[in-house]
1. Which ones in region 1-39 are of a type in the set (A, V, I, L, M) and more than 22 Å from the chain's Cα centre (by Cα)?
2. What are the residues in region 108-123 that are farther than 15 Å from Val137 by Cα and crowded, with 17+ Cβ neighbours inside 10 Å, if any?
3. Which residue is surrounded by the most Cβ atoms within 10 Å (Cβ to Cβ), if the candidates are limited to region 70-107 and must be closer than 13 Å to Phe136 by Cβ and of a type in the set (A, V, I, L, M)?
4. Are any residues in region 48-57 of a type outside the set (A, V, I, L, M) and within 24 Å of Phe81 (Cα to Cα), and if so, which ones?
5. Just need a number here: residues in region 32-53 that are open to solvent by 60 Å² or more (accessible area, probe 1.4 Å), within 16 Å of Gln171 (Cα to Cα) and of a type in the set (Lys, Arg).
6. Any residue at all in region 180-193 that's modelled with pLDDT of 95 or more, surrounded by 12 or more Cβ atoms within 10 Å (Cβ to Cβ) and part of a loop (DSSP other than H, G, I, E, B)?
7. Quick one: Lys67 ticks every box in (1) open to solvent by 20 Å² or more (accessible area, probe 1.4 Å); (2) in contact (Cβ under 8 Å) with a residue 40 or more places away in the chain; (3) in contact with a helix residue (DSSP H, G or I) (Cβ under 9 Å, 6 or more places away or on another chain); (4) within 30 Å of Lys203 (Cα to Cα) bar one, so which box is it?
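The values are calculated or read from the model by the stated rules, or taken from the named source; none is laboratory data. The model shown is predicted, which means the values in this text are computed figures rather than measured ones. Methodologically, a virtual Cβ is constructed for each residue, glycine included, from the backbone with ideal geometry; neighbour enumeration extends over all protein chains shown. Protein only, heavy atoms only, side chains kept; ligands, DNA and RNA dropped before computing areas. Shrake-Rupley method; radii C 1.70, N 1.55, O 1.52, S 1.80 Å.
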Amino acid sequence: MPNFPTIDEFKTALFTRPLSGIVKEFIFEGDPYVFRNAPTAMEALRDHLSKALSIQHENIIIIGSAKLGFSLGPDTMFRQFSEESDIDVLVVNEKIFDQIWQTVLEWHYPRRLAGLDGRDSTWGRNRRHDLYWGWFVPDRIKYKGLSFPHVLKPLRDISTAWFNAFKSLSQFPEFSRWDVNGRLYRSWDHASLYHVDGLRQIKEIIKTEGEKPKS
């Protein structure tokens, strides 16, 4: 059975090692905690999503509490993984990311000078936010009520494929008890920056609360 760091060991690593190295070793590499007693489950998940979304196996990993056994979210810091937890999947695929980006541009460019109003403005601002930080959650990109929805039809196709790929994992007994969700990053560099920043926030919280591990 793989060894997973304890919370204290992880805290020590935060203050003694480069954060990018921690992301690579503990978050991006190694076996996931959730499948510690089911060694073939990760390959089954990758195989299913790879075929459904045309994504390479190695660009699909599990993150969050399902990966380490405890959460690394600043708002849920070190919360233990449980039967009520979700399984969060990180997917890297430049092609799908750029398809979303291209569609949003085709929708926005004709009205760039005139500007967007109301719901269009809010939706466009949210997409620019996602794009700037380098990730999308495709099945949560909705465009009901927007103007020129026909231009955004490719988003519907991507969103539907993404939703179906993840929800159909429930047919497998290894995953049926959990809600499995996926986040799309354009590149591993974008994903690394996001997770390094999360660890940076956790370090600051630990310092503020006075729980820095003793050297």
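1. Kept after step one, since they are of a type in the set (A, V, I, L, M), are these residues of region 1-39: 1, 7, 13-14, 19, 22-23, 27, 34, 38.
Met1, Ala13, Ala38, listed by residue number.
2. Here is the first cut: in region 108-123, the residues farther than 15 Å from Val137 by Cα are 108-122.
Scanning region 108-123 gives His108, Leu116, Asp120.
3. Quick first cut of region 70-107, residues closer than 13 Å to Phe136 by Cβ only: 90-104.
Then drop every residue that is not of a type in the set (A, V, I, L, M), which leaves 90-92, 96, 100, 104.
Details: Leu90: 22, Val91: 25, Val92: 23, Ile96: 20, Ile100: 22, Val104: 23.
So, considering only residues that are closer than 13 Å to Phe136 by Cβ and of a type in the set (A, V, I, L, M), the one surrounded by the most Cβ atoms within 10 Å (Cβ to Cβ) is Val91.
4. First, the residues of region 48-57 that are of a type outside the set (A, V, I, L, M): 48, 50-51, 54, 56-57.
Hit for region 48-57 is His48, nothing else.
5. 1
6. As a first pass, look at region 180-193 and keep what is modelled with pLDDT of 95 or more: 180-193.
Add one more test, that the residue is surrounded by 12 or more Cβ atoms within 10 Å (Cβ to Cβ), and what stays is 180-188, 190-193.
Checking the rest, the ones that are also part of a loop (DSSP other than H, G, I, E, B) come to 186-187.
Looking for residues that are modelled with pLDDT of 95 or more, surrounded by 12 or more Cβ atoms within 10 Å (Cβ to Cβ) and part of a loop (DSSP other than H, G, I, E, B), one finds at least one in region 180-193, hence yes.
7. (1)
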